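Okay, structure first, notes after.
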Amino acid sequence: MQIVEHLMEGILVFIGIDVHKDTHAYFTYYPTTGAYLYEYSSVASTKDTLSYIDKVKKGIKKETNKACEVVCGYEAGPTGIKLKRA
């Protein structure tokens, strides 16, 4: 129930990641308002994915002064195995 605890203390956002051989596309959703906050794409790199997640968390913290919990999901075939392990 860690996510529920964070809901009481901060903000929960969902990041959907569409994984391809050469690129990743990210869609960040804030369920409390039903708004899509960010849309971003990068080269297919676990490092870039982790960097994007960190930027989202820092951006929300800066805007709201609240902690941010991120839940990620991704759609991928065999190209997503490195991301799964991150």
Exercise for the section: Consider residue 58 carefully, then state whether it is farther than 24 Å from residue 75 by Cβ and at pLDDT 90 or above. Expected result: yes
Fill in the blank from the handout: With the first residue restricted to segment 61-86 and required to be more than 18 Å from residue 32 (Cα to Cα) and part of a strand (DSSP E or B), and the second required to be among the acidic types (Asp, Glu) and modelled with pLDDT of 85 or more, Cβ contacts under 7 Å at 6 or more apart or on different chains are 75/18
Problem - Boolean, residue 62 is surrounded by fewer than 16 Cβ atoms within 10 Å (Cβ to Cβ), in contact with a helix residue (DSSP H, G or I) (Cβ under 9 Å, 6 or more places away or on another chain) and among the charged types (D, E, K, R) - result: no
Fill in the blank from the handout: Residue hits (segment 25-52; among the β-branched types (Val, Ile, Thr), closer than 20 Å to residue 64 by Cβ and without any contact (Cβ under 8 Å) to a residue 24 or more places away in the chain) are 32, 33
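The values are calculated or read from the model by the stated rules, or taken from the named source; none is laboratory data. Only a predicted model underlies this, so the values are computations on that prediction, with no experimental measurement involved. For neighbour counting, all protein chains shown are included, and Cβ atoms are generated from backbone atoms with ideal geometry for every residue, glycine included.
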